[in-house]
Amino acid sequence: MTKPAFTPVSASRRLMREARSAALATLDAGTGMPFATLVTVAGAADGAPLLLLSDLAAHTRNLKADPRASLLFDERGPGAILPGDPLTGARVTLTGRMERLAEPGEARRRFLARHPEAEGYAGFRDFAFYRMAVETGHLVAGFGRIVDLKAADLLLDLAEAGEIVGAETEILEHLNADHADALALYATRLAGAPDGAWRAIGSDPEGLDLALDTPAGTLVRRIAYPEPIRHTGPLRAVLKKLADTARSG
């Protein structure tokens, strides 16, 4: 496996795409003091964080009073092998405002693909989907790798990418039905992940998100394309090239 060159943008986007949970910081509606909780997350097609929150939760009450919030993503999670000091792992902090989605169809689909266990309560009246309108980011990825980022660094520009974004469901169904062997190859050879029944849970112009259920939890790995794909036509060739690279690696 050839490890891709480090860039703050790619490192931050990978952390956001692979995360299934994050620390959410809100402002307490009564005291104004910071209030941190653990939440499950997914990503929109452009990478913006998506959350499913209960109206009964303290953090949701806080957001209704003041939508300003922060999310912390890090490398810890199922299958993560990190040194003893947790501060040696990469992490990225986002700041922005949480927006409750009146029409959550796309957000719901992408969130449940990453968190199928949430299907049982996602339709309850006291739950709603939220999207973070990202404003800034702060990446810490090791010594000399501390970088402030803008929203444009963290989110993917979807201009002229409507075709491939709209075809996501079809792409995922095809890959999972007909190319499970290739998905496992991508995960093991390109992402250094363990072997198993990998499935595609997300597709966007920059890459694929793959998931594997394990006894310790669900692993998610990001497979980035060499360059963004904005139309479905070139996708087959790019996926074949990735598989060839994996086999020869």
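The values are calculated or read from the model by the stated rules, or taken from the named source; none is laboratory data. Model, not experiment: these values are computed from the prediction. Quick reminder, even Gly has a Cβ in these numbers, built from the backbone with ideal geometry, and neighbours come from all protein chains shown. These accessible areas exclude ligands, DNA and RNA; they are computed on the full protein's heavy atoms, side chains included. Shrake-Rupley method; radii C 1.70, N 1.55, O 1.52, S 1.80 Å.
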Given a 1.4 Å probe, the accessible area of the chain per residue, as a whole number of Å², is 51 Å²
Taking R0 as 41 Å and r as the Cβ-Cβ distance between THR7 and PHE124, the FRET efficiency 1/(1 + (r/R0)^6), rounded to the nearest 0.05, comes to 0.50
Binned at 5 Å starting from 0, the alpha-carbon pair-distance distribution of the range 103-209 in whole percents comes out as 2, 9, 14, 16, 18, 18, 15, 6, 1, 0
Taking the chain, the lysine pairs whose C-alpha atoms sit under 26 Å apart (8 or more places apart or on different chains) add up to 4
Measuring from its Cα centre, the chain shows a charge dipole (+1 at each Lys and Arg Cβ, -1 at each Asp and Glu Cβ) which, in debye to the nearest 20, is 380 debye
Note on the range 207-249: the mean projected area of its alpha-carbon convex hull, in nm², is 3.8 nm²
One can check that the equivalent ellipsoid of the chain, built from the alpha-carbon gyration tensor with semi-axes equal to the square roots of five times its eigenvalues, has lengths in Å, largest first, of 29, 21, 18
For the range 2-70, one quarter of the surface area of the C-alpha convex hull, expressed in nm², comes to 5.7 nm²
So the carbon and sulfur contribution to the accessible area of the range 1-79, 1.4 Å probe, in percent, is 60 percent
Of THR31, THR95, THR218, the most mobile residue in a GNM of the chain (C-alpha springs, cutoff 10 Å) is THR31
In Å, the Kirkwood hydrodynamic radius from C-alpha pairs for the range 158-240 sits at 13.0 Å
Under the helix-only model (-39500 (n - 2.57) for each DSSP H run of 4 or more, divided by the residues of the chain), the mean residue ellipticity at 222 nm, to 500 deg cm²/dmol, is -7500 deg cm²/dmol
Which of ILE201, ILE164, ILE146 fluctuates most in a GNM of the chain (C-alpha springs under 10 Å)? That residue is ILE146
Candidates MET16, MET33, MET98; GNM for the chain (alpha-carbon contacts under 10 Å) flags as most fluctuating MET33
For the range 150-249, the accessible surface attributable to carbon and sulfur atoms (probe 1.4 angstrom, ligands and nucleic acids excluded) amounts in percent to 54 percent
